[in-house]
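Encoded as structure tokens, the structure appears first; notes follow it.
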Amino acid sequence: MNVVILAAGIGRRMKSHFPKVLHQICGKPMICYVLDAIQCFEDSRIIVVVPPNSSEIKNTIIQSNNQKRKPKFVVQRRALGTGDAIKSALPVIKDSAPTLILFGDVPLLTKKSLTNFINRFKTGEAISILTTKLKNPKGYGRVIRGEKKEILAIREETDASVKEKRIMEIYAGPMIIRTKFLKHTISEIQQDNQQSEFYLTDLVEKAAEKKLNLNSYELKDADEILGVNTTKQKLEAERILIKKKILLCLNKGLQIKNPDNFTLRGDIKFKTNVTVDAGCIFEGEINLGKNVKIGAYSILRNVVIGDNVCIEPYSYIEESHIKKNSIVGPFARLRNGVLVGEQCRIGNFVEIKNSTIKTGTKASHLSYIGDAEIGKNVNIGAGAITCNYDGQKKHKTKIEDDVFVGSNTSLVAPIKIKKGATIGAGSCITIDAPAKSLNVGRAKQTTIKNWKKN
């Protein structure tokens, strides 16, 4: 097939200067869901119609496109409607194959529904349209049928009569059309409508007038055809998608204590006996091992968590990997490429950034570890920090195995604390600490006896 994705809409009703098809649903641009749905059409020619100055849309599609062949981009110079958008794509549409037309702002249509729709397109048909029935069809084009239920036309909301507006069957967006008919007839479309635009849907009426074969496929799940034209519709689409993701996880055995108070914006892989408490938010790619427990109101974004790990409540973890049998939190923050080894303890109010923590190490409370390499069986005392930033550059702290770092210490990077060294509490360490040494850097205590406050 030719697959044409219409993505040139400005999206004025979104009240945003951001391109409409790049607004995100569950952390991913809308148009990327459309591209995901057509992955299985390996021999198809993909054409994306974009507006002028569309480098942001093109770059997003190229970076996220999982398919082997690159999409062909064509520009719709003026916003004159969907029919005009198709006219822009005609020079790169091949006559030898039918043309599937999709909309970049209809992100919930599944691969299964799209495949079923395409498989029902028969040789000899001019057009097949995807339809569904809505109790409240306001805003959608109505499917006009004759006495024998034959399709006569699609009437847009703004041009529909009072009687036509009562019709509950609507045109859902996708259309598959014989390409020779498309190219021969598209020039007959006029701008004689309330919006003075060229409507793609007028092709259906043209085919009916010529007594050509028209067909439709009714989609049972009307949620799949939700078009996103406003911020409210975007939030509704995200709500629908999250609900479907959570239901799929429940069916696969994820133990979600309160499904109504869990937000899953990304994709999740999990093994057996995984428990997620109330209020959690998952984004990006989440990979959970067996017997993992995620405490209430924790936020995970692009993480890998090994077997038997416990994430205590109110923890924030992103772009990090936690290996098996470790405990993190409560109120811990891990970010920017943290690797926590096996049997580690990262406690409350500990922040770790861009660091590696090896097996058996503990930072139980109130510490900051940034740009550090920490060995095995290290103890980081309460209030200890790595001073990694000098105002211009970030520097590395290296702590070898079996080091004890006392409470309320400052390790001024670049610095190396060698194996078995001890750092006395309250120290500010500015030079490397030798192996098996005691290092203390404190001001001498001064005591004034019999001192009275003024």
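We did not get these values from a lab; they are worked out from the coordinates using the rules stated. Only a predicted model underlies this, so the values are computations on that prediction, with no experimental measurement involved. With ideal geometry, Cβ positions are generated from the backbone for all residues, glycine too; neighbour counts draw on all protein chains shown.
Peptides 102-109, 86-93, 350-357 ordered by packing proxy, namely the average of other Cβ atoms within 10 Å per residue, highest first: 102-109, 350-357, 86-93. When the Cα positions of Ile61, Leu114, Thr99 are compared along the charge dipole of the range 23-144, Leu114 comes out farthest toward the positive end, with charges on each C-beta of Lys, Arg, Asp and Glu. Between the beta carbons of Asp432 and Asp390, assuming R0 = 22 Å, the FRET efficiency works out to 0.85 to the nearest 0.05. Per residue, the convex hull spanned by the Cα atoms of the range 2-225 amounts to 130 cubic angstrom.
Run through every distinct alpha carbon pair of the range 231-439 and return the Kirkwood hydrodynamic radius in angstroms, one decimal place.
On the way: mean 1/r = 0.0563 Å⁻¹.
Taking every pair of different Cα atoms in the range 231-439, averaging 1/r and inverting gives 17.8 Å.
When all alpha carbon pairs of the range 4-97 are counted in 10 Å bins from zero, the resulting P(r) reads 15, 50, 31, 4, 0 %.
Our estimate of slack between Ser187 and Val75, defined as 0.36 nm per intervening residue step minus the Cα-Cα distance, is 38.5 nm. Rounded, prolate or oblate, given the Cα gyration tensor of the range 370-445, with a/c below 1.5 counting as rounded? The shape class here is oblate. Rounded is the label for the range 295-374. Its Cα gyration tensor axes, ordered a ≥ b ≥ c, give a/c under 1.5. Taking the average, over residues, of other Cβ atoms within 10 Å as the packing measure, peptides 168-181, 125-138, 404-417 rank 168-181, 404-417, 125-138 from highest down. The magnitude of the dipole of the chain, with charges of +1 and -1 set on the Cβ of Lys/Arg and Asp/Glu and taken from the Cα centre, is near 960 debye. Evaluated on the range 57-164, the Kirkwood hydrodynamic radius is 17.1 Å, with distances taken between all distinct Cα atoms.
Each Lys or Arg adds one and each Asp or Glu takes one away; over the other residues whose Cβ falls under 15 Å from the Cβ of Arg13, this sums to +3.
Considering only alpha-carbon pairs that sit under 8 angstrom and 6 or more positions apart, the relative contact order computed for the range 1-151 is 31 percent. Can you grab the distance from the C-alpha centre of the range 376-454 to the C-alpha centre of the range 184-223, Å, no decimals? Cα centres, the range 376-454 to the range 184-223: 74 Å.
Here, the range 345-401 has an Rg and a Dmax of 10.8, 33 Å when only alpha carbons are counted.
Translational diffusion of the chain was estimated from the Stokes-Einstein equation, with Rh taken as the Kirkwood radius over Cα pairs; at 10 °C and 1.306 mPa s the coefficient is 61 µm²/s. Shown for the range 1-44 is the translational diffusion coefficient from the Stokes-Einstein equation, using the Kirkwood radius over Cα pairs, a temperature of 25 °C and a viscosity of 0.890 mPa s: 209 µm²/s.
Calculate, in nm to one decimal, what Gln24 and Leu247 gain on full extension: separation in residues at 0.36 nm each, minus their alpha carbon distance.
Details: separation 223, 0.36 × 223 = 80.28 nm, distance 2.11 nm.
My answer for the length gained is 78.2 nm.
Return the calculated 222 nm mean residue ellipticity for the chain, to the nearest 500 deg cm²/dmol, obtained by summing -39500 (n - 2.57) across DSSP H runs with n ≥ 4 and dividing by the residue count.
On the way: 8 runs with 75 residues, N = 454.
Helices in the chain give a 222 nm mean residue ellipticity of -4500 deg cm²/dmol.
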